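Enquirer: This is the structure I want to talk about, given as structure tokens.
The values are calculated or read from the model by the stated rules, or taken from the named source; none is laboratory data. Just so we're clear, the structure is a prediction, and the values are computed from it rather than from any experiment. Reconstructed Cβ throughout: ideal geometry from the backbone, glycine too, with neighbour counts over all protein chains shown.
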Amino acid sequence: MEKLDSAQLDQLKEIGTYLRQVRQEQSKSLEEIATKTCIRLPLLRAIELGQSQVLPEPVFVQGFIRRYADVLGLDGIGISRTFPVHSPLIDNDLKSRGELSAVAYAAPVTEVLEESKYSLRSSREFSDPAGGFWRSKAAYALYAALGLGAIGYVAYALSNPGQSPDPAVSTSPAALSQPPSPVSSISPVVSPVSPSQISAQSPEKPAVEPSVQAIASPSPAALSSPTDPNAPVKVEMKLIGKSWVQVLVDGEVQFEGMLAEGTQRSWSAKKEITVVAGNAGAVSVLANGGTAAPMGNLGDVQEKTFTASANQ
């Protein structure tokens with residue numbers, strides 16, 4: 001499981017404190033929020049208290065924040081984007097050698113985070129549709145697009161050293177006088193992206209893909225789990241696509257990680273089995289000999305609990 005860095009943890013605490021304050025002002029219990037968002041109580045408490053030990057990868061934490069804020073009547077997308085899902089992709093070594101221009105360091109992304117922190121300190125901007133938070137949404141989207149464009153340009157320029165740079169992006173003299181560094185010096189989570197593809201992508205999609213790629217897939221030896229034929233609760237799972245999955249058997253985590261398409265797993269329990277899927281449309285579940293069905297839509301984060309009486 002990818003741990004949160006200090007910047008992510010500080011932002012999570014600030015967001016969690018704000019969401020808890022709004023929830024209490026609306027006289028809503030945490031159990032009510034859990035029912036409406038399909039997020040387990042321990043995860044909601046961890047978000048409110050800024051505790052990263054029990055939380056999944058940052059990309060899923062961002063999704064939980066969005067759903068929590070939506071239930072409170074807030075701008076879930078805007079608030080969730082103030083939580084960074086990954087660390088900077090360019091190391092200090094490249095910066096010191098002057099091989100990349102100042103544009104490549106994605107300064108607009110930093111500005112987005114600073115603007116987001118400021119907006120969280122004012123509850124009026126979050127709760128009042130006529131406040132400054134709503135007026136600044138267009139600016140947030142512009143900053144995010146500029147930041148993603150800069151990062152994508154760096155990856156594209158390094159993976160295609162023979163091509164001329166895009167005239168729309170300025171380069172420093174040091175970057176023009178020295179040969180580009182090998183692609184291997186960039187973090188492996190960056191994929192080559194052409195300028196035309198950057199304009200067609202949404203600001204949110206690139207943030208999801210790097211974090212998913214960083215999760216280690218389970219070894220082939222762990223593709224099946226023995227089940228007790230006498231257990232009252234039995235769940236069989238088949239992956240029709242790639243997805244992160246967490247499985248709790250009678251309250252204890254039995255599995256957590258990324259499963260590839262075609263993987264089949266099964267579990268048995270005495271009381272209940274809870275399944276959390278990061279890509280619900282790719283996870284087909286059969287409970288207690290019932291009919292197999294996907295847990296939800298592709299790209300959705302879904303959580304379901306199966307008991308002895310469940311037959312889904």
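Enquirer: Residues of the stretch 247-273 being under 24 Å from VAL59 (Cβ atoms) and surrounded by fewer than 20 Cβ atoms within 10 Å (Cβ to Cβ), which ones?
Expert: Passing the criteria: VAL253, GLN254, PHE255, GLU256, GLY257, ALA260, GLU261, GLY262.
Enquirer: If you don't mind, another one. Could you tell me whether LYS271 is of a type in the set (Lys, Arg) and more than 18 Å from ALA34 (Cβ to Cβ)?
Expert: Yes.
Enquirer: Let me ask something else about it. For residues in the stretch 1-36 being touching a Phe, Trp or Tyr at 6+ places or on another chain (Cβ under 8 Å) and under 23 Å from MET258 (Cβ atoms), which is surrounded by the fewest Cβ atoms within 10 Å (Cβ to Cβ)?
Expert: First, the residues of the stretch 1-36 that are touching a Phe, Trp or Tyr at 6+ places or on another chain (Cβ under 8 Å): 8, 11-12, 15, 18-19, 22, 33.
Those still in the list that are under 23 Å from MET258 (Cβ atoms) too: 8, 12.
Values: GLN8: 21, LEU12: 25.
Residue satisfying both the conditions and the ranking: GLN8.
Enquirer: Looking at ALA34, is it within 18 Å of ASP300 (Cβ to Cβ) and not assigned by TED's automatic domain parsing to the domain that holds GLN246? It would help to see each step written out before you state the result.
Expert: On the way: within 18 Å of ASP300 (Cβ to Cβ): yes; not assigned by TED's automatic domain parsing to the domain that holds GLN246: yes.
Against the criterion (within 18 Å of ASP300 (Cβ to Cβ) and not assigned by TED's automatic domain parsing to the domain that holds GLN246), ALA34 qualifies.
Enquirer: Here's a follow-up. Do we have any residue at all in the stretch 288-300 that's surrounded by 21 or more Cβ atoms within 10 Å (Cβ to Cβ) and part of a strand (DSSP E or B)? Write out each step before concluding.
Expert: If we filter the stretch 288-300 for residues that are surrounded by 21 or more Cβ atoms within 10 Å (Cβ to Cβ), which is where we start, we get 295.
Next cut, part of a strand (DSSP E or B) only: none.
No, that holds for no residue.
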